[in-house]
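The values are calculated or read from the model by the stated rules, or taken from the named source; none is laboratory data. Please read all numbers here as calculations on a predicted model, not as lab measurements. No Cβ is skipped: glycine too gets one built from the backbone with ideal geometry, and neighbour counts run over all protein chains shown. We work out accessible area using only protein heavy atoms, side chains counted, and drop any ligands, DNA or RNA first. Shrake-Rupley method; radii C 1.70, N 1.55, O 1.52, S 1.80 Å.
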Amino acid sequence: MSETATPRLRLTEPDDGGGEPRPLPNTESFLPQSTVLIVDDNPQNVELLQAFLESLPVRIVTAFDGVEALAKVAEYNPDLILLDVMMPQMSGFQVCRKLKSDPATKDVQVLMVTALNELGDIEQATECGTDDFVSKPVNKFELLTRVKSLLRVRHLKSELERALTYLTEVEEDVTFYACPNHPEVEQDMPGTCPRCGTPLVPKD
């Protein structure tokens with residue numbers, strides 16, 4: 001009996017004009033633009049996390065203690081940090097608190113990778129500003145799900161900031177015109193006052 005090849009499935013959406021359906025847009029287009037920093041004092045843990053992230057088209061940077069992590073943040077401006085908690089010189093809690101207290105790095109997403117399960121440890125991590133947790137031993141599927149979710153949040157925040165900056169600049173560039181006789185009459189283009197017919201003049 002000959003085997004029949006299983007057809008590949010492709011998600012599509014209907015075409016508005018009634019023609020062929022169109023492929024759904026790539027909802028993870030932000031991934032190639034993303035940088036992930038892995039921080040752990042154990043090289044084997046770093047290698048494992050790198051291997052787990054190989055399936056994602058992201059840029060990966062590594063650091064092996066908290067001090068080096070802060071230097072890498074300044075150099076590479078990562079979108080997400082996979083941060084070990086128990087490290088020499090500077091703990092993950094201290095690194096996270098420093099990042100979240102700095103306006104330049106407060107929006108960097110922090111995913112703490114920890115073997116700590118005590119309620120007090122979780123509370124301390126939350127207080128220092130971590131965005132999410134993943135427990136050791138790390139499950140690959142859980143890690144990838146959380147990484148993609150946090151990178152999506154980071155991307156959406158960046159898009160919102162750019163949009164707000166653009167709108168602010170546009171608003172500052174707009175010239176408003178008012179009637180010398182009726183200051184309450186105001187518009188964003190030249191014209192005449194609907195009350196007295198006087199030409200509108202630019203506002204200071």
> Out of the stretch 59-91, which residues are hydrophobic (A, V, I, L, M, F, W, C) and in a loop (DSSP other than H, G, I, E, B)?
Replying inline: 64, 85, 86, 87, 90
> Which one of 111, 99, 164 is part of a helix (DSSP H, G or I) and at pLDDT 95 or above?
Replying inline: 99
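Residues checked against (1) open to solvent by 90 Å² or more (accessible area, probe 1.4 Å); (2) in a loop (DSSP other than H, G, I, E, B); (3) closer than 30 Å to residue 86 by Cβ; (4) at pLDDT 95 or above:
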position: 3; (1), (2), (3), (4): yes, yes, no, no
position: 9; (1), (2), (3), (4): yes, yes, no, no
position: 17; (1), (2), (3), (4): no, yes, no, no
position: 20; (1), (2), (3), (4): yes, yes, no, no
position: 27; (1), (2), (3), (4): yes, yes, no, no
position: 37; (1), (2), (3), (4): no, no, yes, yes
position: 47; (1), (2), (3), (4): yes, no, yes, yes
position: 50; (1), (2), (3), (4): no, no, yes, yes
position: 57; (1), (2), (3), (4): no, yes, no, no
>> What's the total number of residues in the stretch 92-123 that are surrounded by 14 or more Cβ atoms within 10 Å (Cβ to Cβ), out of contact with any Asp or Glu (no Cβ under 9 Å at 6 or more places or on another chain) and polar (S, T, N, Q)?
In response: 2
> Got a sec? Which of 151, 160, 164 is among the aliphatic types (A, V, I, L, M), under 19 Å from residue 28 (Cα atoms) and out of contact with any Leu (no Cβ under 6 Å at 6 or more places or on another chain)?
Replying inline: 160
> If the Cβ limit is 9 Å and pairs must be 6+ apart or interchain, which residue in the stretch 186-202 that is closer than 16 Å to residue 176 by Cβ and outside any strand (DSSP E or B) pairs with which residue that is aliphatic (A, V, I, L, M) and open to solvent by 80 Å² or more (accessible area, probe 1.4 Å)?
Replying inline: 200/189
>> Looking only at the stretch 127-141, how many residues end up being under 22 Å from residue 79 (Cβ atoms) and part of a helix (DSSP H, G or I)?
In response: 2
